[in-house]
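Remarks on the structure that follows.
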Amino acid sequence: MAQSSLQSTAQALPIAPRAAQARHGLLIYFALLIPLSAVFEGLTIITSNTVWVYILMCVPALASVVARLALREGFADVSFRLGGRRGWRAIGIGFVFPSLIGLVAYGAAWTLGLAHFVGRTQLLGHTLPPALIFAVLVLVTSTINLLPPALTGVLAAGEEIGWRGFMLTRLIDAGVPKPILLSGAIWGLWHLPLILAGLYAAGPSPVLSGALFLIGATAFGVVIAWLRLESGSIWPAIVLHGVWNNVIQGPFDQSTSGPAALLWTGESGILTVLALVAAALIVARRPWALLRQPPRRGAPAGTDT
């Protein structure tokens, strides 16, 4: 997949010191991430209060900040620069990808009768065709609802600054086998307690939902990692994550019903997972670059900076 590009560009610094530094960073990161996540997931399960979920979604960023400060690494490689045309192209993909997956997965469920489309007929006091209202809601939730100070964008940043802004590149530098797949799997495992408790993305069988979600998150992690590493910017990952939460959990889920709807659609639905796996396979066949930061003007586009 991307490993050859990643390894070749990692040679900007001596391999052994960089790997050791990355392992130390990961040790600190997980030493904070695991217990803090357990506390807030436990509080969510006990109280069913979504406030704890909001705090939980900021834990990856907090753990990464502490790790960076402890090792005096700085924050340049998060990276908050947009990166010109390369970055904007990745952000554009981040905006449209969730809707494409939704149209494929949910569209298949609606067409095959595995679930039913139940679009709204009223919008701002006007009676309109359900398909038109659905399209408007998808457009709004994938754009306006992500703009500051929208909570969904802040929470997506709380995760992505940790997952793809820190953990992903450290897994690569540490020489961990299949770092991109592993990063997605870790992201998926982080959600499992809430899924198994039936509080998040759970269908008729929480165990089956957990297994499907783990596969889907691993595949989705490949797509997010591709945007992050191709652009050298964290913004495409934040946009994709935030738009996904808005669009899939919003118009697509809210417009779908039926006794088997949660089995086939939703974040742990069979068709959604299959669509994400297909997208990951397409992305994995493409040549990748590794950019911790967007390339400076005049620098080769496929190298780390």
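The values are calculated or read from the model by the stated rules, or taken from the named source; none is laboratory data. All figures in this text were calculated on a predicted structure; none of them were measured in a lab. Quick reminder, even Gly has a Cβ in these numbers, built from the backbone with ideal geometry, and neighbours come from all protein chains shown.
Looking only at region 63-97, which residues are small (Gly, Ala, Ser), surrounded by fewer than 19 Cβ atoms within 10 Å (Cβ to Cβ) and over 19 Å from Pro35 (Cα atoms)? Across region 63-97, the qualifying residues are Gly74, Ala76, Gly84, Gly92.
When Leu114 is tested against (1) at pLDDT 95 or above; (2) in a helix (DSSP H, G or I), exactly one condition is not met: (2).
If the condition is being within 17 Å of Val207 (Cβ to Cβ) and either in contact with an Asp or Glu (Cβ under 9 Å, 6 or more places away or on another chain) or of a type in the set (Asp, Glu) (or both), then region 263-273 contributes Gly266, Glu267, Val273.
Under the condition of being under 15 Å from Gly266 (Cβ atoms) and touching a residue at least 60 places away in the same chain (Cβ under 8 Å), which residue from region 183-199 is surrounded by the most Cβ atoms within 10 Å (Cβ to Cβ)? The extreme case among them is Ile195. A Cβ distance below 9 Å, combined with a sequence gap of six or more or placement on separate chains, defines the contacts here; from region 56-74, residues that are closer than 17 Å to Thr169 by Cβ reach residues that are outside any helix (DSSP H, G or I) and aromatic (Phe, Trp, Tyr) in the pairs Val65/Phe75; Arg68/Phe75.
Test Ile180 against the stated conditions and say whether it is surrounded by fewer than 20 Cβ atoms within 10 Å (Cβ to Cβ) and either closer than 27 Å to Gly221 by Cβ or in contact with an Asp or Glu (Cβ under 8 Å, 6 or more places away or on another chain) (or both). For Ile180, the condition - surrounded by fewer than 20 Cβ atoms within 10 Å (Cβ to Cβ) and either closer than 27 Å to Gly221 by Cβ or in contact with an Asp or Glu (Cβ under 8 Å, 6 or more places away or on another chain) (or both) - is not met. So, in region 163-195, of the ones that are among the charged types (D, E, K, R) and in a helix (DSSP H, G or I), which residue ends up nearest to Ala67 (Cα to Cα)? Step by step, filter region 163-195, then rank; the result is Arg170. Would region 54-62 turn up any residue that is modelled with pLDDT of 90 or more, in a helix (DSSP H, G or I) and surrounded by fewer than 16 Cβ atoms within 10 Å (Cβ to Cβ)? Checking region 54-62: at least one residue is modelled with pLDDT of 90 or more, in a helix (DSSP H, G or I) and surrounded by fewer than 16 Cβ atoms within 10 Å (Cβ to Cβ). Looking only at region 81-125, residues that are under 23 Å from Ser257 (Cβ atoms) and either in contact with a Phe, Trp or Tyr (Cβ under 7 Å, 6 or more places away or on another chain) or not aliphatic (A, V, I, L, M) (or both) come to 17 in all.
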